[in-house]
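Throughout, read-outs are computed from the coordinates displayed, never taken from laboratory work. Predicted model, so just to flag it, every value in this text is computed and none were measured. Cβ sites come from the backbone with ideal geometry, for glycine too, and all protein chains shown count toward neighbours.
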Amino acid sequence: MEKDQDKLKNTLNENKSSEVYHIHDNQQDDPMYSEKLRLLDDCQGLAGNDRQGRSPLNIAVIGQIGCGKSSFLNTVFASLNTDYWREIAPLGFFKIEGSQLHCTERFRSYSKKDYYRATNDECVLMPTFLDMTGFPDEKSKTVLDLLEIVFSGRINEQQKLADIVEGVKSISPEAVNYYNKEVSHLPVDRIIVVSTLDPDSPLPRYLLSAISEAAKKVRDIPMYGVLTGRDKYNLSNEAVADKLTKFRQVLGLPKHRFACITNYCEDSDPDTKYLTTTIPQFDVSVLRFLKQVLTPSREDFSRKTVVTRPWYCQVKDESEQKELRDKLLDRCKQLVGISGKDKNPLTIAVIGTPGGGKSAFLNTIFAALSNERWNRTCKMRRH
């Protein structure tokens with residue numbers, strides 16, 4: 001009962017320290033509508049166009065499990081448009097008998113074509129937003145390795161991060177480093193860390209520290225922070241203000257890289273008017289924040305698209321190639337074990353379509369596992 005009273009105190013709209021909105025049926029009646037249009041123009045100008053010799057920014061949205069990353073993304077998408085809110089990033093977070101189920105399980109990118117509906121700005125380089133499952137609040141080697149792989153662009157579309165976690169746990173540190181060296185898919189240019197103003201929700205200190213460390217290790221990627229629930233939580237409340245301060249301190253965020261916002265949701269708009277319109281009073285704080293995120297840096301103009309190549313092609317020196325090959329071969333031997341002592345040999349089926357190159361693949365495997373030259377062990381056919 002005492003805890004519920006404390007929570008109620010944290011959410012009171014006293015002293016106008018938490019936002020109170022009057023939501024209009026028509027966005028043009030909103031007193032912030034003209035300001036939203038001005039900020040939209042500013043964001044489009046900062047994003048640049050396809051004649052400036054640069055690529056759209058890749059912005060990773062990261063946070064703890066159930067922190068509202070997808071809700072934040074849908075709020076951003078609504079703010080960048082002038083028709084109505086849409087569920088573009090799938091929503092859904094439930095807690096059932098102590099277990100947590102969250103909607104986002106796979107790595108997913110949202111490019112301009114997915115969310116931007118302006119018809120007269122075809123050349124504008126609106127950013128690509130990267131959504132992924134929430135991370136646990138820990139600073140383990142596994143979490144750090146996974147963050148580095150994400151930030152360097154080594155996660156493919158629709159790939160499950162849970163599968164990557166299992167892979168990272170099973171391979172050697174050397175393999176993780178080589179896996180992480182080459183940018184090949186969507187290298188991250190900005191990081192937005194999302195959490196909630198709710199003081200009863202613990203601040204994920206270990207995760208925030210891991211994000212900061214991984215961002216600096218990859219390319220010193222600029223970080224930004226968002227706390228949601230501006231409509232519910234009183235910023236003058238001591239517990240709320242303390243959480244806000246500590247969030248910024250752990251991430252090392254100056255004021256211009258941080259924002260408290262209100263998400264589009266049933267809590268902030270019980271009548272769900274957002275299904276037929278946008279809410280400029282929500283959008284303005286989001287767009288002011290995005291102006292800072294989209295402000296170009298020197299690296300944005302020098303970044304080039306990298307063609308995917310096998311990581312081992314980066315090892316130019318022949319002695320380095322041999323040393324690396326020997327290390328990987330030793331690692332393979334350790335993994336399979338000793339016959340009769342550790343376990344029985346694995347039986348691996350190689351299957352494919354006729355002419356798909358199964359025999360050539362097998363001969364390549366045999367050559368890689370041998371110190372001798374390539375031999376035609378499997379009979380090969382040409383059709």
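I need Asp330, Asp198, Asp42 ordered by Cβ neighbour count within 10 Å, fewest first.
In increasing order of surrounding Cβ atoms, one gets Asp330, Asp42, Asp198.
Only counting other Cβ atoms within 10 Å, I'd like Thr128, Thr347, Thr245 sorted with the fewest neighbours first.
Fewest-to-most Cβ neighbours within 10 Å comes out as Thr347, Thr245, Thr128.
Using the count of nearby Cβ atoms within 10 Å as a rough guide to exposure, how do Cys123, Cys43 rank from fewest to most?
Going from sparsest to densest Cβ surroundings: Cys123, Cys43.
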